[in-house]
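A.B. asks: Before we start, here is the structure in question, set down as structure tokens.
The values are calculated or read from the model by the stated rules, or taken from the named source; none is laboratory data. Owing to the predicted nature of the structure, the values given are computational and were not obtained by experimental measurement. Here the Cβ positions follow ideal geometry from the backbone for every residue, glycine too, while neighbour counts run over all protein chains shown.
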Amino acid sequence: MIDKKICAPRGRPRGFCVEQAVETALELFRQRGYDGVGVADLTQAIGVAPPSLYAAFGSKAGLYSRALDLYQEREGRWLLEALESDLPAAELLKRVIRAAATAYAGKKEGCLVCRGELGCSDEAAAAMTAERRRASRDLMRDRLAAAGAGDAEALADYALAALHGLTGAAQDGLGAERLAEIADGFAAGIPQS
């Protein structure tokens, strides 16, 4: 026999959509950065009281982690698509850099994974962003190695530096055409390995 006390959810049912809350939080974090968004900002934008926010996500950092996941799932897809190719390593890296220019065009807030920890005083939140960036770098390194790169570590570092530069340029308001020119410059300077 099933004990109904064990199976029944505790407390009142959640009165908000968790997925929508994550989307709302993502937009706030993108616009203002982690430190620029307080719990009061989040609860007001989502339309919940702080206890509901904590019950759903554990903490502001927990919600930030979910927002980063959503960001990578949606806006980080370009990297996975760019890496899906049988091109030699140098050509693959050019493809990644040019895809980044296209992905960042028109995004004054820049890339959340590349720049999300800048000015972030919460060590846990900064570590979450850094871990995702390392994972992207390692993915590029592994794919470049599989494509025959002699020094996949160096090429992955170069790619990450190019991505940082491109997202910074996008934040400065450079348009798609100028970002493409900058990407071509990075692509022309790819170290031989």
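A.B. asks: Looking at the range 138-151, is at least one residue buried (at least 18 other Cβ atoms within 10 Å of the Cβ), at pLDDT 90 or above, small (Gly, Ala, Ser) and in a helix (DSSP H, G or I)?
C.D. replies: No, that holds for no residue.
A.B. asks: Would you mind finding the one in Ala82, Ala49, Ala56, Ala67 that is surrounded by fewer than 13 Cβ atoms within 10 Å (Cβ to Cβ) and among the hydrophobic types (A, V, I, L, M, F, W, C)?
C.D. replies: Unique residue meeting the criteria: Ala49.
A.B. asks: Could you check Gly168 against (1) part of a helix (DSSP H, G or I); (2) touching a Pro at 6+ places or on another chain (Cβ under 9 Å) and say which number it fails?
C.D. replies: Against the list (1) part of a helix (DSSP H, G or I); (2) touching a Pro at 6+ places or on another chain (Cβ under 9 Å), Gly168 comes up short only on (2).
A.B. asks: Let me spell it out: the conditions are (1) touching a Ser or Thr at 6+ places or on another chain (Cβ under 8 Å); (2) more than 15 Å from Thr167 (Cβ to Cβ); (3) hydrophobic (A, V, I, L, M, F, W, C); (4) not assigned by TED's automatic domain parsing to the domain that holds Phe29, and Ala49 meets all of them except one. Which number is the exception?
C.D. replies: Here Ala49 clears every test but (4).
A.B. asks: Still on this model: When you look at Arg30, is it basic (Lys, Arg), under 23 Å from Thr102 (Cβ atoms), touching a residue at least 40 places away in the same chain (Cβ under 8 Å) and out of contact with any Pro (no Cβ under 6 Å at 6 or more places or on another chain), yes or no?
C.D. replies: yes
A quick yes/no check of all residues on (1) touching a Phe, Trp or Tyr at 6+ places or on another chain (Cβ under 9 Å); (2) over 18 Å from Leu26 (Cβ atoms); (3) of a type in the set (Gly, Ala, Ser); (4) crowded, with 17+ Cβ neighbours inside 10 Å:
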{"position": "Pro88", "(1), (2), (3), (4)": "no, yes, no, no"}
{"position": "Ile97", "(1), (2), (3), (4)": "yes, yes, no, yes"}
{"position": "Glu117", "(1), (2), (3), (4)": "yes, no, no, yes"}
{"position": "Glu123", "(1), (2), (3), (4)": "no, yes, no, no"}
{"position": "Glu153", "(1), (2), (3), (4)": "no, yes, no, no"}
{"position": "Asp157", "(1), (2), (3), (4)": "no, yes, no, no"}
{"position": "Gly165", "(1), (2), (3), (4)": "yes, yes, yes, yes"}
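A.B. asks: Here's a follow-up. Of all residues being in a helix (DSSP H, G or I) and out of contact with any Ser or Thr (no Cβ under 9 Å at 6 or more places or on another chain) in the range 171-184, which is surrounded by the most Cβ atoms within 10 Å (Cβ to Cβ)? Just the residue, please.
C.D. replies: Ile182
A.B. asks: Something else now. Report every pair of residues separated by at least 6 positions or lying on different chains whose Cβ atoms are under 7 Å apart, first residue within the range 64-77 and under 12 Å from Phe29 (Cβ atoms), second of a type in the set (Lys, Arg).
C.D. replies: Here the result reads Leu68/Arg132, each pair linking the range 64-77 to a residue that is of a type in the set (Lys, Arg).
A.B. asks: Just to confirm my filter: which helices (runs of 4 or more DSSP H) fall fully inside the range 46-110 and include at least 2 residues that are within 16 Å of the chain's Cα centre (by Cα) and among the hydroxyl-bearing types (Ser, Thr, Tyr)?
C.D. replies: Once the helices (runs of 4 or more DSSP H) in the range 46-110 are filtered for at least 2 residues that are within 16 Å of the chain's Cα centre (by Cα) and among the hydroxyl-bearing types (Ser, Thr, Tyr), what remains is 60-75, 89-104.
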